[in-house]
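Q: First the structure, then my questions, so here it is.
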Amino acid sequence: MSKKSDGAVLREVNGQLVLDDPVAVAVIRAVARANCVTSLRDHHERIEHFQRRVSELGLSPQEVIIVVINVDDRLGGPLADALMPNTNRAAFRARGEIPYALGLAERAGIEATFGLLDPEIVTRLTAIPGLAIVVVDYGVVAVFDMNEAARFMA
């Protein structure tokens, strides 16, 4: 059974009716991206530190990106484990904190990883000529250029 109206699709999955509504999905993604701005603000000092490190190390923004990854996020956990294997995050949780993986990552590797999940992320990353920030939180991947992020963090 399938019924279509205004872009929304009603279908049956395992005997249950499921409504797929692209407008609702777009709203949820927009809210999640807006929530990722909170992650930028919460970690602005570390982001600014890594921005300075890129300059100090003479790295090109085409070589590295800044990552802000919620380790407890369904998307972020596996990525954080790949970037920072064997990291003990129990101390953060014991203090009631949400563990984040923050740092510099090889841009090509991040683009290759997200290219498998969502080519739109790679399109957004390649459109940023300067330093990019990837935030993985709230079940989404949000991409910001450093100038955009600076406005949010001010």
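Q: Looking at (1) at pLDDT 90 or above; (2) surrounded by 18 or more Cβ atoms within 10 Å (Cβ to Cβ); (3) not small (Gly, Ala, Ser), which is the one condition that is false for residue 78?
A: The failed condition is (2).
Q: Tally up the residues in segment 2-44 that are part of a strand (DSSP E or B), modelled with pLDDT of 85 or more and either under 24 Å from residue 138 (Cβ atoms) or touching a Phe, Trp or Tyr at 6+ places or on another chain (Cβ under 6 Å) (or both), please.
A: 0
Q: Residues that are surrounded by 18 or more Cβ atoms within 10 Å (Cβ to Cβ): find the helices (runs of 4 or more DSSP H) completely inside segment 81-154 holding 1 or more of those. Give the derivation first.
A: Numbers: elements: 90-94, 107-117, 119-126, 146-153.
Those helices (runs of 4 or more DSSP H) span 107-117, 119-126, 146-153.
Q: If residue 71 meets every condition in (1) surrounded by 15 or more Cβ atoms within 10 Å (Cβ to Cβ); (2) more than 18 Å from the chain's Cα centre (by Cα) apart from one, which number is that one?
A: All conditions pass for residue 71, except number (2).
Q: So, one more: From the list 21, 42, which residue is over 20 Å from the mean Cα position of the chain (by Cα) and surrounded by 14 or more Cβ atoms within 10 Å (Cβ to Cβ)?
A: Working: 42 fails: over 20 Å from the mean Cα position of the chain (by Cα).
Testing whether each residue is over 20 Å from the mean Cα position of the chain (by Cα) and surrounded by 14 or more Cβ atoms within 10 Å (Cβ to Cβ) leaves just 21.
Q: From the list 104, 83, 117, which residue is within 22 Å of residue 138 (Cα to Cα), modelled with pLDDT of 95 or more and touching a strand residue (DSSP E or B) at 6+ places or on another chain (Cβ under 8 Å)? Break it down stepwise before answering.
A: Values: 83 fails: modelled with pLDDT of 95 or more; 117 fails: modelled with pLDDT of 95 or more.
From the options 104, 83, 117, the qualifying one is 104.
Q: For residue 62, which of the numbered conditions (1) surrounded by 14 or more Cβ atoms within 10 Å (Cβ to Cβ); (2) closer than 23 Å to residue 100 by Cα fails to hold?
A: (2)
Q: What pairs can you find where one residue is in segment 131-154 and closer than 20 Å to residue 77 by Cα, the other is modelled with pLDDT of 95 or more and surrounded by fewer than 19 Cβ atoms within 10 Å (Cβ to Cβ), and their Cβ atoms are less than 8 Å apart, with a gap of 6+ or different chains?
A: none
Q: Looking at (1) modelled with pLDDT of 95 or more; (2) surrounded by 12 or more Cβ atoms within 10 Å (Cβ to Cβ), which one does residue 57 not meet, given that it meets all the others?
A: (2)
Q: Quick check on this structure: which one of 140, 64 is β-branched (Val, Ile, Thr) and modelled with pLDDT of 95 or more?
A: Going through 140, 64 in turn, the sole match is 64.
Q: I've got another one for you. If you check residue 47 against the conditions, is it assigned to a helix (DSSP H, G or I) and either among the polar types (S, T, N, Q) or in contact (Cβ under 8 Å) with a residue 60 or more places away in the chain (or both)?
A: On the way: assigned to a helix (DSSP H, G or I): yes; either among the polar types (S, T, N, Q) or in contact (Cβ under 8 Å) with a residue 60 or more places away in the chain (or both): yes.
The answer is yes for residue 47.
The values are calculated or read from the model by the stated rules, or taken from the named source; none is laboratory data. Nothing here was measured: the structure is a model prediction, and the numbers come from that model. With ideal geometry, Cβ positions are generated from the backbone for all residues, glycine too; neighbour counts draw on all protein chains shown.
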